[in-house]
Structure formats: C-alpha cells, structure tokens
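Student: If you scroll down you'll find the structure; I have some questions about it.
The values are calculated or read from the model by the stated rules, or taken from the named source; none is laboratory data. Keep in mind that what you see is a predicted model, and the values were worked out from it rather than measured. Heads up, the Cβs are rebuilt from the backbone with ideal geometry, glycines too, and the neighbour counts pull from every protein chain shown. Just the protein is used for accessible areas: all its heavy atoms, side chains included, with ligands, DNA and RNA removed. Shrake-Rupley method; radii C 1.70, N 1.55, O 1.52, S 1.80 Å.
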Amino acid sequence: MQDTLSTADAASDDAALFQTLLSLRAAIVEEAAPLKERFFREAGREDAALDNLAHYLALRRHELRPLQRQLMRRGLSSLGRLESRVLPTLDAVLAALAALTGRPAPHPVPDTADFFAGEARLDAASLASLGPEPADRPTRIMVTLPSEAAGAPDYVLELARAGMDVARINCAHDDAEAWRAMAGHVRAAGAAVGRDIAVLMDIAGPKIRTGAVLPLKKGKPSGRLLPGDTLRLVAHGEPHADEAAPFAAAVSMPEIVTRLAVGHRVRYDDGKVEAVVESVREGRNGAEAILRILHTRPDGTKLKPEKGINLPDTALGLSPLTAKDDADLATVIECADLIGYSFVSRPEDLDLLDAALDRHGRGARPLGLMAKIERPEAVTNLPDLIARAARRGPFSVMIARGDLAAEIGFERLAEMQEELLWICEAAAVPAIWATQVLEDLVRDGIPSRGEMTDAAMAARAECVMLNKGPAVREAIELLDRLLSRMSDHLDKKTPTLRALKSW
C-alpha cells in the first residue's frame, strides 16, 4: 500500500511540475512578444537570433531556482545552459515530463538541427566578424600591436606564428601611415602562415583625462591623494590649489565639469582613486568642482596628467564619434576588417557611425563593427544595440573590463561580465573578453595564479584580447595552449565531460 501511495505521490509531483513548466513557457511567449516587436522594429526585419534573445530576457525575469532543483532531481535540468535555445530547451524538457506523466508532448519536439540552431548562428557570426576558427580551439586570440610593429614585419609574423588570430590597431596612437604599415604586415603574416588574420582598427572615441595638475615639485607631480583629501577639477584655465583644495587638475573635456552634481562619484586612473563631488560652483576661471577623496591605495596615489577619469553617475551627453575619429575612418575603411567603436551607449550611436562611413564611401569589403561596452548605459541598452546592429554587417561586442569596472565598480564586474556573455550568446553575437588578460605575463614574463584562472574562464568568449608588452609572444603561446585544453572541458557554460586522466 505504501509503495502505491509513493508512486501516486510521485506521479502527482511530476504532473504538477509539468503544469508549472507549461505555464512558464506560456508566460515567456507572452512576455517576449513586445520585446520581439521592439527588436524587429530596430532591426528592420524578423530575425531568429533576436527572437531567441527576447525569449531569454523574458525567461530571466522569472525566479527559476526552485524549478531547477525539481528538474535536477529528475535528471532533466538543462535550463542553466539554454542561452542559445530557449524554446527548444523548454519544449524538450516538457516532452520528457509529458512522457513521465503519460501524456503527449504539448509542443513539437525539436530535432537536432533545430535544437542546436543557436550555436550554428553564433559560429557563423564569429566567422563573419573574427575570421576562421583556429584548428585546436574555438576561441580566437586578439593582440594589440605596439607602435613599433609599423616598422617590424618580422615581429608581426612572430605573433602570427605564435597563434594571433586578430590584430588590433589602436587609433588613439600613431597615425595613418603607421596603421597602413601595420595592416600590411598583418596581411603578409597571414599569407605566410596560411590563414586569414583579421585586422581590427579601434577608433579612439572621447577620452576624459586629467590635464595639467597641481601640486608640482620641480615641474613634476608632487604629493599623493589620500582619503579625506580634496581635489579641485577646473573646466577652463590653469588649475589652482589652495587650503580648500590642495590638489587640482584641469580636464580634457571642460564641459564635463558643468555636468557634475553633488553626490556624483568620480573615479581616476582605472579606479585607483574614488571621490565624491562635494560642490560645483563658479571659480576663478569658470566652473569648478570640489571632490572629496574616498578611497586610494594604502600609500596614496599620485595625481598625474593624461590619466583617465570615469563618471559613473553623470549623464555626459558626449558623442561617441569625435572629429578625430571621423577623419580616421578613411584609413579604417581602407585597411580594416572590423572597427572598434568606443563609448557606445544607444542604438542611435550605431546610426551615427554608419552615416560617417557612408560619407567616406564604404569599401567593397563588409566592415564589421565591434561595440565596446564601457558605460552603464551601454549595459542597459545592449539588447537594443544588438537589435539595431542587425541592420548592418557583422557585429560583435567587446567586454571592455577596465573602463567598465571603473564605471560600475570592481565589485560588480565579475557578475556583469557573466551576464554580458549570456546576453551575447542568446543573441548569437560574438563576445571579446578584454583588458588585463595575462597582464603580468605580458609585462614581466611570469603570470600570476589569479590571471591564469581569469584567462581560463575567458575560453567561454569567442575571442580574448591581449595587450601589448615585452612578453606578448610568450603570452600568446601560453594562451593558445590553455584555451585548447579548456575547450576539451567546456563549451560556453556546458561541461563536455572529457575523460579525466589525473586519477
């Protein structure tokens, strides 16, 4: 009798779970409908990847943890790996639950091609944006070329032989002549190693930096910012220090001073210093803001010119395309396979770039676009950015972790980089894992334990970016081996369960 009751209870639980999942699927379809309409309007057409993205966003607005536990107990949990296939996964799980409860599947069971169609879309998008997949690893390696590469074709060939798949040219440095030389060396290196190596040209965008600073000692920055110190930012003229603010700095974009408000946070030099605005007023030469320093390194941080400033709470109102960027586009069109676009925040920013490219006259090659996610607005608007980008050619997203950390805070970065990877996978958009990858190794020749783990986790992206440095070739070779080994264990978030050989 007890066994009969237990069986009946189990059947009742299975039936209740089936109804819960069926109701969830119906809710997701309903909630995704306005998202799909918005995305298709942005894209100018219907799109399977945007359809899946809408369903994914609708799904992730629900609390799924209790449901996951119940599915796991029945050996059915796969909702944690459904980014590229939301409805196919739900339909497959519903079919299994239907079989458990002796009823027909409520929706057609997806075949293999339909179930993995999202993966195929992402592979195709990665090929279009980043070039061919390497032989032994699915994740490409991008390398930032130093200025010296313009006159060193053998150096570029060395990087290609080590495993470079994408060469990045930073247009914030050097000039058109140097960029043409670098791109030519990359093409020649690709021909020599027998594979295409994509050229990314990263336009500079607006950069908010410190200008002249005080105090000075013998013409050099003097003194260190410490918690409790005050710093004056001036919009115009030379900075001036006094008892009220013994530190002072001009800024590269004067208008940002007038957009600050009391309580806004200001971060300096990649977040090494955090301050808060205490007042904004008219000073000796115009607008000035007084900041109170909240956090620095234990021994303080020197205030220097040409260091980055991040304003996470301030609506900047800056165009992501500067006059310099516009002028640089002619060379980008001539030399690049894809363009890196900084400071993107809204879908309209993509239209701004496309209009500028049209003015310069696009080349015969489709020019891919890599949007750099650096600002909180870009995070919030990412789905609509992806939808608007569907109107144009190949599109990818760079998770610019340096500026993003300074904007949203280091504490949130680890969580946010995961969420950005999920959104990109759901939309079949290649993701580039960037900033400080193997930084110690590139700079000093010896990696830290923490950065090795970070580099291993980067295998879930479609591309990993290394910065320039003395030991970058060694970093490429190590990363090539590491990514190859990790690809045996993981495919995005999914463990592939390669046989273990250590025990």
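Student: Once the piece of chain linking ALA456 and THR20 is laid out straight, how much longer is it, given 0.36 nm per residue of separation minus the C-alpha distance between them? Could you put the intermediate results ahead of the total?
Tutor: Values: separation 436, 0.36 × 436 = 156.96 nm, distance 3.72 nm.
Taking ALA456 through THR20 to full extension adds about 153.2 nm, to one decimal.
Student: Continuing with this model, one more query. Mean 1/r over all different Cα pairs, inverted: what Kirkwood radius does the range 257-354 give, in Å?
Tutor: Working: mean 1/r = 0.0618 Å⁻¹.
One over the average 1/r among Cα pairs gives 16.2 Å for the range 257-354.
Student: Another question about this same structure. Could you work out how far helix 176-193 tilts from the main Cα principal axis of the chain, as a 0 to 90 degree angle to the nearest 10?
Tutor: With both axes taken from Cα atoms, the answer is about 40 degrees.
Student: Roughly how many Å is it from the Cα centre of the range 293-361 to that of the range 81-136, as a whole number?
Tutor: 37
Student: Quick one: which residues, 5+ away or cross-chain, put their amide H under 5 Å from the amide H of ASP229? H built at 1.01 Å from N.
Tutor: Excluding prolines and chain starts, which carry no amide H, the hits are ILE293.
Student: Which percent of the accessible heavy-atom area of the chain goes to carbon and sulfur, probe 1.4 angstrom?
Tutor: On the way: 11910 of 22690 Å².
The computed percentage sits at 52.
Student: Solvent-accessible area of VAL213, probe 1.4 Å, all protein chains present, reported in Å² to the nearest ten, please.
Tutor: About 10 Å², ignoring ligands and nucleic acids.
Student: Of VAL280, VAL437, which has the most accessible area with a 1.4 Å probe, and how do the rest follow in descending order? Let's see the in-between values first.
Tutor: On the way: VAL280 60, VAL437 5 Å².
My answer, sorted largest first, is VAL280, VAL437.
Student: Full-extension gain between ARG180 and ARG69, please, as 0.36 nm times their residue separation minus the C-alpha to C-alpha distance.
Tutor: On the way: separation 111, 0.36 × 111 = 39.96 nm, distance 5.60 nm.
Stretched out fully, the ARG180 to ARG69 stretch lengthens by 34.4 nm.
Student: Expressed as an acute angle from 0 to 90° and rounded to the nearest 10, what is the orientation of the C-alpha long axis of helix 86-100 relative to the principal long axis of the chain?
Tutor: 30
Student: By how many degrees, between 0 and 90 and to the nearest 10, does the Cα long axis of helix 410-426 differ from the longest principal axis of the chain?
Tutor: It works out to around 50 degrees.
Student: Go through the range 467-477 residue by residue and turn each phi into a ³J(HN,Hα) via Karplus (6.51, -1.76, 1.60, θ = phi - 60°); whole Hz please, and just put x for glycine and proline.
Tutor: 8, 6, x, x, 10, 5, 4, 4, 5, 4, 5
Student: Which FRET efficiency value, to the nearest 0.05, do you get for SER222 and ARG45 by plugging their Cβ-Cβ distance into 1/(1 + (r/R0)^6) with R0 = 45 Å?
Tutor: Values: r = 59 Å, r/R0 = 1.32.
For R0 = 45 Å, the calculated efficiency reads 0.15.
Student: Hey, how many Å between the Cα centroid of the range 424-501 and the Cα centroid of the range 138-216?
Tutor: 19
Student: Under the Kirkwood approximation for Rh and a Cα-based Rg, what ratio Rg/Rh is obtained for the range 313-443?
Tutor: Working: Rg = 15.0 Å, Rh = 15.5 Å.
We get a ratio of 0.97 for the range 313-443.
Student: Next up: Select from the range 103-200 those trypsin sites (Lys or Arg not before Pro) which occupy a DSSP coil region and have at most 16 other Cβ atoms within 10 Å, ordered by residue number. Don't jump to the answer; show the numbers that get you there.
Tutor: Numbers: sites: ARG121, ARG140, ARG161, ARG168, ARG180, ARG187, ARG195; in loops: ARG195.
Filter output for the range 103-200: ARG195.
Student: Given a 1.4 Å probe and the protein chains all in place, what does the accessible area of ILE28 round to, in Å² to the nearest 10?
Tutor: Around 0 Å² of this residue is reachable by solvent.
Student: Taking H placed 1.01 Å from N in the peptide plane, check which residues at least 5 places from LEU466 or on another chain put their amide H under 5 Å from its amide H.
Tutor: MET142, VAL143, THR144
Student: If I take R0 = 25 Å and measure r between the Cβ atoms of LYS304 and ALA261 in this structure, what FRET efficiency does the formula 1/(1 + (r/R0)^6) give, to the nearest 0.05?
Tutor: Values: r = 26 Å, r/R0 = 1.04.
FRET efficiency, LYS304 to ALA261: 0.45.
Student: Under 16 Å from a point placed 7 Å out from the Cα of ALA135 along the Cα-to-Cβ direction: which residues of the range 485-503 have their backbone N that close?
Tutor: 485
Student: Using helices alone, I'd like the mean residue ellipticity at 222 nm for the chain: each DSSP H run of four-plus residues gives -39500 (n - 2.57), total over residue count, nearest 500. Walk me through the numbers on the way to the answer.
Tutor: Details: 18 runs with 227 residues, N = 503.
Mean residue ellipticity at 222 nm (helix-derived): -14000 deg cm²/dmol.
Student: Could you give the length gained on full extension between ALA244 and ARG103, defined as 0.36 nm per residue of separation minus the Cα-Cα distance, in nm?
Tutor: Details: separation 141, 0.36 × 141 = 50.76 nm, distance 7.70 nm.
Computed gain between ALA244 and ARG103 is 43.1 nm.
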